[in-house]
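Derivation of every value follows stated rules applied to the coordinates shown; laboratory data play no part. Keep in mind the model is a prediction, meaning the values are calculated, not measured. Glycine also receives a Cβ, built like all others from the backbone with ideal geometry; neighbour counts cover every protein chain displayed.
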Amino acid sequence: MCRHRKLLFTVILTVLTGVANAIPVDPDGVGIDAAIDVQRLEWRPANTLITPVGNASIFTHPLGDIFQLYSHASLSEFQDGNGSPIGSSGSDRWTYIAGYQQQVVSTIGANVVLDAIGGGDNFFKLYFDATPNAHAANGTGYGPDATNTDPVLVLSGTVSASTGQTAISAVNVAPGNLDNYGPDDYPGVDSITASGSGSLTVTIESVDLAYFPAGLPPGLGLDFQLAFDLPFFQADPSSCFKNGAGELIDGAGPNALDGLQCNVNTVGGINGIDGQNLIFMTDSSALFNEVSPAPEPASLALLGAGLVAMRMARRKGKGGSQVGTDNAMHGLLAHSAPASLGNYHIKKCY
């Protein structure tokens, strides 16, 4: 994660989380790596798919409309309580896939806020893969599929319906290439420009003691903080995602690369305008933490506005003209339900 992202994530974690817990983690289970005390999981920039949008833009949906979200990422590094990397190399051997639902609670112009709700395809699965196969552009290999037959499920759970929000703001600039990370792997697909922030809490239900040798204290979960961006500039958009049944589902569809891909482009010719679904680049970090209440709506709105301003500053710093934005998060309203604790059980996985 680049320096300005780390600084912002420090602010996010201060606002949205309590005291984190250091957890003994064995990075390779039965392998040669020694156990380390891990407080935070720092993920590589990756992908989130918002589906089904069902019409031109998520910004036109009325209050109460429900979206299903799917995400995946590879681990960049384990971190200690100071945010410093710890452990051996090869952290990308850890991956996650997730699915959960959120509901529109505020929509003002090109700004939308979603709150977590229950139901839908709700899951969180954390894998270890001794021979990493995750392929960001194709969206494969983050869990078991035809390209990856040997991942080990090390932690599983569900995404809490009591905590979690997403705030997204579109920026008033002309659409450009969806994929700006290296060569354009999706030459026929453009995108709006947008930024956002979010949070979600994973209620942990099972762990593999080979990778978590001391188990986990009761009531502990994973607090995720996320930053959303469009277009993609630190990762490739994903052709596929994976649902809770382990099936590949269509994301950005066919690309210019080799390997297993999904056949249908669901994000349209201009992602965010004419596609059924919306795909985002996602930068995320997760803390082992006691399950906590939802953030105050004003705090989340402020963070969302900060992300938009930060992106505009970055665009200006690259030599472009300063781009105005809608009053990004001003007046956004959101509600939060009381937090509920979910117990998990520890099991030995084979």
Distant-in-sequence amide H partners of I23 (H built 1.01 Å from N, under 5 Å):
V38, Q39
Sequence order, the range 230-246: Karplus ³J(HN,Hα) from phi using 6.51 cos²θ - 1.76 cosθ + 1.60, θ = phi - 60°, Hz rounded, Gly and Pro as x, gives 9, x, 6, 9, 10, 7, 8, x, 9, 5, 10, 10, 10, 8, x, 7, x
Given R₀ = 25 Å, what would the calculated FRET efficiency be for D274 paired with D92, taking r from the Cβ atoms and rounding to 0.05?
0.15
Can you work out the FRET efficiency for the pair I66 and T147, with r the C-beta to C-beta distance and R0 = 25 Å, to the nearest 0.05?
0.20
Exposure proxy check on C262, C240: fewest-to-most Cβ neighbours within 10 Å is C262, C240
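For a quick check: sort L278, L287 by the number of other beta carbons within 10 angstrom, fewest at the front.
L287, L278
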Label N243 and D33 with points 7 Å out from Cα along Cα→Cβ: what is the distance between them in nm?
3.2
At D184 and A130, where each label point lies 7 Å from the Cα along Cα→Cβ, what is the point-to-point distance in nanometres?
4.3
What is the local net charge at P144, summed over the other residues whose Cβ is closer than 10 Å to its Cβ (Lys, Arg +1; Asp, Glu -1)?
-1
Separation of the V173 and L260 label points, Cα + 7 Å toward Cβ, nm
3.6
What's the exposure ranking of S284, S88, S74, going from fewest to most Cβ atoms within 10 Å?
S88, S74, S284
